[in-house]
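The values are calculated or read from the model by the stated rules, or taken from the named source; none is laboratory data. Treat the numbers as computed from the prediction; the structure is a model and nothing was measured. Here Cβ is always computed from backbone atoms with ideal geometry, including for glycine, and neighbour counts include all displayed protein chains. Ligands, DNA and RNA are stripped out before the accessible areas are found, and what is left, the full protein with its side chains, is counted by its heavy atoms. Shrake-Rupley method; radii C 1.70, N 1.55, O 1.52, S 1.80 Å.
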Amino acid sequence: MAETALITGAGQGIGEAIALRLAKDGFNIAVNDLREAAAVAGKCRALGVKAECFPADVSDYGACEGMVKEVKERFGSIDVLVNNAGITRDGLAVRMSEADYDLVIRVNQKSVFNMMKLAGAVMMRQKGGRIISVSSVAGVHGNAGQLNYSASKAAIIGMTMTMAKELGSRGVTVNAVAPGFIQTPMTDALTEEQKAAILSQIAMKRYGQVEEIAGVVSFLAGSDSSYVTGQTIEISGGLSM
Ligand code: NAD
């Protein structure tokens, strides 16, 4: 039976690219996003695997509980979890509202607790699995204007190491990727001035493409990374050195 990958926030951007890449790798795909992402599920099915949508707000524990139960029932197992859903509410710290801080922590960080706990329990019982979370270079090095976001993404790195220690003996690996500046709807929203400033710091002098994140996630989901756990791999074209 084919293995199943559940990808959060897979309706567009990096999450969509990860869903398509893991479908190409032969995984059945559970496509999560806030809304039904029927087009992405359709593209995965066109690659010859089973794919279904599981709309849910991953910052809501109860919604995650329902989704994990449903995916397990419909697909039989959860072999790979990719925690990709994330948002930004940027602003200088001294001007950041409490609401924007709390929202980003809830969507980017608490969602990872919800899903690591719930899918981790399934993987423990299966005695195997892969958890891959999408952090950010902002979580490793900090980024002006992103106190809330960098806090949430740094937390993911700590959670990844902790879960790797808790689940390692059960055959579950837990890793993270830390993308730099990747061309998606999230980064299209930046001003030209912000984009130019970032480009000047990238060793490879170009932005990343979503497929370049998906390729590393594919490695972490596959058998070639069987002895890699607790790690955060930066994918930034040399943005931060
Ligand atoms: P995006 O905004 O294009 O896509 C994010 C997706 O997540 C959207 O489809 C959105 O609907 C979904 N989502 C948001 N909140 C959700 C929730 N509560 N429950 C379920 N789904 C939810 O963003 P992207 O650029 O593709 O980013 C994907 C991930 O990569 C995020 O975690 C982001 O922080 C991270 N990241 C992106 C970049 C970049 O340069 N684009 C860099 C570093 C890290």
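Among residues of the range 71-97 that are over 22 Å from Ala178 (Cβ atoms) and among the hydroxyl-bearing types (Ser, Thr, Tyr), those with a beta-carbon under 7 Å from a residue that is more than 16 Å from the ligand (Cβ to nearest atom) and assigned to a helix (DSSP H, G or I) at least six positions away or on a different chain give the pairs Ser77/Gln126. Across the range 6-20, the qualifying residues are those that are near the ligand (Cβ under 6 Å from one of its atoms) and open to solvent by less than 10 Å² (accessible area, probe 1.4 Å), and the one among them that is nearest to Met123 (Cα to Cα) is Thr8.
Screening the range 173-221 for helices (runs of 4 or more DSSP H) wholly inside it with 2 or more residues that are away from the ligand (no atom under 14 Å from the Cβ) and closer than 30 Å to Asp79 by Cβ returns the ranges 210-221.
Can you tell me which of Thr162, Thr173, Thr187 is β-branched (Val, Ile, Thr) and open to solvent by 60 Å² or more (accessible area, probe 1.4 Å)? Testing whether each residue is β-branched (Val, Ile, Thr) and open to solvent by 60 Å² or more (accessible area, probe 1.4 Å) leaves just Thr162. Filtered by the rule that a residue be in a loop (DSSP other than H, G, I, E, B) and open to solvent by 40 Å² or more (accessible area, probe 1.4 Å), the range 143-159 gives Asn143, Ala144. Among the residues making up the range 217-241, those that are touching a strand residue (DSSP E or B) at 6+ places or on another chain (Cβ under 8 Å), farther than 26 Å from Leu199 by Cα and hydroxyl-bearing (Ser, Thr, Tyr) are Ser225, Ser226, Thr229. Is it the case that the range 42-52 has a residue that's out of contact with any helix residue (DSSP H, G or I) (no Cβ under 9 Å at 6 or more places or on another chain) and open to solvent by 10 Å² or more (accessible area, probe 1.4 Å)? Scanning the range 42-52, I find at least one residue that is out of contact with any helix residue (DSSP H, G or I) (no Cβ under 9 Å at 6 or more places or on another chain) and open to solvent by 10 Å² or more (accessible area, probe 1.4 Å), so the answer is yes.
Does Asn28 fit the bill of being within 12 Å of the ligand (Cβ to nearest atom), of a type in the set (S, T, N, Q) and either without any contact (Cβ under 8 Å) to a residue 60 or more places away in the chain or open to solvent by 30 Å² or more (accessible area, probe 1.4 Å) (or both)? Here the answer is no, as Asn28 does not meet what is asked.
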